[in-house]
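Have a look at the structure below before the remarks.
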Protein chains: 2
Amino acid sequence: MAEQPTFEDVVAAAQRIEAHIRHTPVTTSKSIDDTVDGRVFLKCENLQRTGAFKFRGASNAIWLLSDTECARGVATHSSGNHGAALALAARTRDMDATIVMPAVSVRSKIEAVEAYGGNIRFCGPTMADREAMLEEVLAETGAVPVHPYDDARIVAGQGTAALELTEEIDHLDVIVVPVGGGGLLAGTSLVAERYGIAVYGSEPAQANDAKQSLDAGRRIATTPDTIADGLRATIGVLNFEVIRNRVRDILTVSEDEIIAAMRFVWQRVKIVVEPSAAVPVAALMRYRELFNEQRVGVVLTGGNLDLDALPWQD
Amino acid sequence: MAEQPTFEDVVAAAQRIEAHIRHTPVTTSKSIDDTVDGRVFLKCENLQRTGAFKFRGASNAIWLLSDTECARGVATHSSGNHGAALALAARTRDMDATIVMPAVSVRSKIEAVEAYGGNIRFCGPTMADREAMLEEVLAETGAVPVHPYDDARIVAGQGTAALELTEEIDHLDVIVVPVGGGGLLAGTSLVAERYGIAVYGSEPAQANDAKQSLDAGRRIATTPDTIADGLRATIGVLNFEVIRNRVRDILTVSEDEIIAAMRFVWQRVKIVVEPSAAVPVAALMRYRELFNEQRVGVVLTGGNLDLDALPWQD
């Protein structure tokens with residue numbers, strides 16, 4: 001197994017990527033505060049470049065490459081946000097990036113990878129399909145693989161969102177982030193541990209591999225069936241080791257709760273979040289008794305989705 | 001005619017309402033900058049309390065009332081944003097507010113007035129319907145009328161958005177705002193004149209009374225037919241006098257351009273704006289040659305709309 005990332009890696013990543021990423025704003029909402037009966041601080045990574053926090057980890061990975069590796073280019077598989085992030089990060093260093101994407105990916109996410117100059121290779125819908133296609137690409141091109149989440153460079157980069165949040169907002173009691181592959185949760189856990197802040201993961205009940213894994217003490221894969229397309233991955237091996245003794249719990253929410261929370265954020269906070277980013281907000285609402293009178297940080301992870309197919313219009 | 005408001009009135013309004021309003025963020029978008037080939041600063045009044053800049057003018061009017069006037073309550077007519085703003089502003093001073101609304105108003109705007117504790121009286125769709133019903137309410141209740149736009153108190157309050165923008169962003173060359181009744185444009189003109197910044201109004205071609213009035217040198221009413229429900233009013237008498245020698249031009253845009261700009265802001269800037277707020281963005285895109293290499297301020301006026309009936313889904 002790769003060496004575990006540390007808090008110091010997150011700090012180093014923040015310095016490394018500073019010139020490339022956007023320092024995203026933190027917003028608040030009286031509606032959410034009233035609902036939770038606490039004070040909630042929303043870190044708007046939907047306003048990050050590429051529309052998602054994934055640009056942090058991708059930038060850290062790209063700017064850690066040697067010049068020799070640079071010349072080889074990078075490759076990854078992604079349902080969208082990591083792919084777009086890696087494509088744009090590679091462009092900031094004038095490198096090639098090949099992105100293996102399921103052909104069923106959200107259209108706007110495919111268009112984003114194209115817009116950032118990534119070379120797309122479409123594959124089937126399963127993780128096995130993705131991995132097989134990526135192996136093929138690596139063999140063909142000699143590119144350096146950059147895993148979307150189970151990679152210490154990625155974890156350290158994703159942790160910089162929570163680092164910025166703690167720098168801007170004093171005395172947080174707790175941070176809630178979504179968990180898919182677990183890169184963000186792992187990076188956030190490292191920051192929270194340092195500052196004595198509690199951490200919860202949040203995930204769809206219909207993609208609750210992290211919850212099951214945490215409860216069982218070993219990684220358990222599930223068959224995800226959720227609207228939160230960014231959270232369909234199974235928690236990574238490295239990431240599970242990072243989080244297992246650092247998070248307080250994983251809070252699960254229903255599909256209806258995710259959609260309602262997403263709509264609530266659009267209607268009340270006036271910002272566009274994708275379903276995955278609504279998951280921690282849904283968790284705040286469902287488990288509000290955990291957050292009464294707390295100062296709560298939430299990472300709104302992304303805002304990429306097809307505006308033609310909003311979930312409340314079915 | 002009422003006395004014209006001045007720049008000093010805007011400064012006084014800013015101090016008066018400071019404790020009540022939200023100092024909204026200014027955001028930028030590389031996508032918009034690239035489209036315009038300029039540098040665009042978006043003042044996010046969609047994140048203002050009540051979801052629109054109207055809360056500024058309403059707060060200024062409310063906090064200028066004498067204690068005796070307070071006891072009488074206030075009343076107004078509004079298709080939505082001013083009504084919600086006046087209802088909440090009245091609540092900050094523990095007063096009654098009666099809002100005359102067309103029964104055909106956007107549902108979420110009706111719900112907002114209710115949520116802020118306003119007493120709603122529904123009326124027919126025309127301005128004459130609104131005014132007749134308001135007269136009735138004033139006779140019944142003895143309330144103090146607060147006109148939605150043609151009122152020096154309102155103009156001064158609306159101007160505080162541009163004042164904040166100029167305080168935060170140096171060296172603006174030009175500011176673009178939408179024009180309906182003209183309160184925002186009038187207030188913005190007072191600020192821009194003081195700092196030597198050019199001002200453009202922007203309005204739907206299908207509600208182009210301000211453009212026609214400016215060209216003719218006298219107020220001309222039209223029959224508005226636009227998705228931008230906040231811009232259906234005819235420019236006010238007072239406001240026309242304020243703007244006629246202060247704005248460079250009124251830029252008109254088509255319904256399709258408004259919808260495309262609205263979608264662009266949602267998709268790329270990741271914030272929720274209502275059609276009226278997309279009008280100045282549409283103007284930037286249609287008349288981009290005016291803004292090349294300029295530093296451009298835009299007031300994104302509001303974010304209130306029915307999420308169930310998005311215009312690109314017809």
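Only the coordinates and a few stated rules stand behind these numbers; no lab work does. The model shown is predicted, which means the values in this text are computed figures rather than measured ones. Virtual Cβ from ideal backbone geometry, glycine too; neighbours counted across all protein chains shown.
Using 1/(1 + (r/R0)^6) with R0 = 51 angstrom and r between the beta carbons of B:ARG194 and A:ARG288, what's the FRET efficiency to the nearest 0.05? Once the sixth-power term is evaluated, E becomes 0.60. With both labels modelled 7 Å from their Cα along Cα-to-Cβ, the B:GLU131 to B:ARG93 distance reads 2.5 nm.
Taken about its Cα centre, chain A carries a charge dipole of about 360 debye when Lys and Arg each add +1 at the Cβ and Asp and Glu each add -1 at the Cβ.
Projecting label points 7 angstrom from Cα along Cα→Cβ for A:GLU3 and B:ASP306 puts them 6.0 nm apart. Taking other Cβ atoms within 10 Å as a rough exposure proxy, B:ARG107, B:ARG244 sort from fewest to most as B:ARG107, B:ARG244.
Put a plus charge on the Cβ of each Lys and Arg, a minus charge on the Cβ of each Asp and Glu, and nothing anywhere else: the dipole of the protein assembly as shown about its Cα centre is then about 440 debye. Residues whose amide H comes within less than 5 Å of that of A:ILE120, counting only those at least five positions distant or on another chain, are A:ILE99 (H built at 1.01 Å from N in the peptide plane). Across the range A:187-199, rounded Karplus estimates of 3J(HN,Hα) from the backbone phi angles (6.51 cos²θ - 1.76 cosθ + 1.60, θ = phi - 60°) give x, 5, 4, 5, 6, 5, 4, 4, 9, x, 9, 6, 10 Hz, Gly and Pro being marked x. Couplings for the range A:82-87, taken from phi via the Karplus curve 6.51 cos²θ - 1.76 cosθ + 1.60 with θ = phi - 60°, read 5, x, 4, 5, 5, 4 Hz in order; Gly and Pro are left as x.
With only Cα atoms counted, the range A:111-207 has Rg and Dmax values of 16.9, 50 Å. Under 5 Å between amide hydrogens, built in the peptide plane, is the criterion, and for B:VAL74 it picks out B:ASP96, B:ALA97, B:THR98, B:VAL144 among residues at least 5 positions away or on other chains.
Under the criterion of Cα pairs below 8 Å and six or more residues apart, the relative contact order for chain A equals 23 percent.
Taking other Cβ atoms within 10 Å as a rough exposure proxy, A:ASP256, B:ASP96 sort from fewest to most as A:ASP256, B:ASP96. Taking a point 7 Å out from Cα toward Cβ as the label site, list the nm distances between B:ASP215 and the same residue in every other copy, smallest first. Between copies, matching label points for B:ASP215 lie 6.9 nm apart.
Rounded, prolate or oblate, given the Cα gyration tensor of the range B:55-145, with a/c below 1.5 counting as rounded? List each step's numbers first, then the result.
On the way: a/c = 2.03, a/b = 1.30, b/c = 1.56.
Oblate, since a/c reaches 1.5 and b/c is not below a/b.
Taking Cβ atoms as reference points and 10 Å as the exclusive limit, the residues near B:VAL36 contribute a net charge of -3, counting Lys and Arg as +1 and Asp and Glu as -1.
Rounded to the nearest 500, what is chain A's calculated 222 nm mean residue ellipticity when only DSSP H runs of at least 4 contribute -39500 (n - 2.57) each, over all residues?
Numbers: 13 runs with 137 residues, N = 314.
-13000 deg cm²/dmol, from helical runs alone.
Using 0.36 nm per residue and subtracting the Cα-Cα separation, the extra length available between B:ARG248 and B:ASP225 on full extension is 5.8 nm. When A:THR126 is represented by a point 7 angstrom out along its Cα-to-C-beta vector, the spacings to that point in the other copies are 6.8 nm, nearest first. Across A:ALA282, A:ALA205, A:ALA97, mean-square fluctuation computed from a Gaussian network of chain A (C-alpha pairs under 10 Å connected) peaks at A:ALA205. On a C-alpha basis, how far is the centre of the range A:1-30 from the centre of the range B:33-74 in Å? Whole number, if you could? One Cα centre to the other: 35 Å.
The relative contact order of the range B:55-145 comes to 31 percent, based on Cα pairs under 8 Å that sit 6 or more residues apart. With a/c under 1.5 counting as rounded, go ahead and sort the protein assembly as shown into rounded, prolate or oblate using the C-alpha gyration tensor (a ≥ b ≥ c being the square roots of the eigenvalues; past the cut-off, prolate if a/b is larger than b/c, else oblate). Here the protein assembly as shown falls in the prolate category.
For the protein assembly as shown, give the share of DSSP beta bridges that are antiparallel, in percent and rounded to the nearest 5; count only bridges with both residues there. Let's see the in-between values first.
Details: 7 of 67 bridges.
So the antiparallel bridges in the protein assembly as shown amount to around 10 percent.
Computed 3J(HN,Hα) for the range B:31-37, one whole-Hz value per residue from the Karplus formula 6.51 cos²θ - 1.76 cosθ + 1.60 where θ = phi - 60°, is 4, 6, 4, 5, 5, 8, 6, glycine and proline marked x.
Only one residue of A:ILE17, A:MET127, A:THR252 has its Cα farthest out toward the positive end of the dipole of chain A, where Lys and Arg carry +1 and Asp and Glu -1 on Cβ, and that residue is A:ILE17. Label point of B:GLU293 (7 Å along Cα→beta-carbon): distances to the other copies' equivalent points are 6.1 nm, sorted ascending.
Once backbone amide H atoms are built at 1.01 Å from N, B:GLY38 has B:GLU293 as its partners under 5 Å, excluding neighbours fewer than 5 places away on the same chain.
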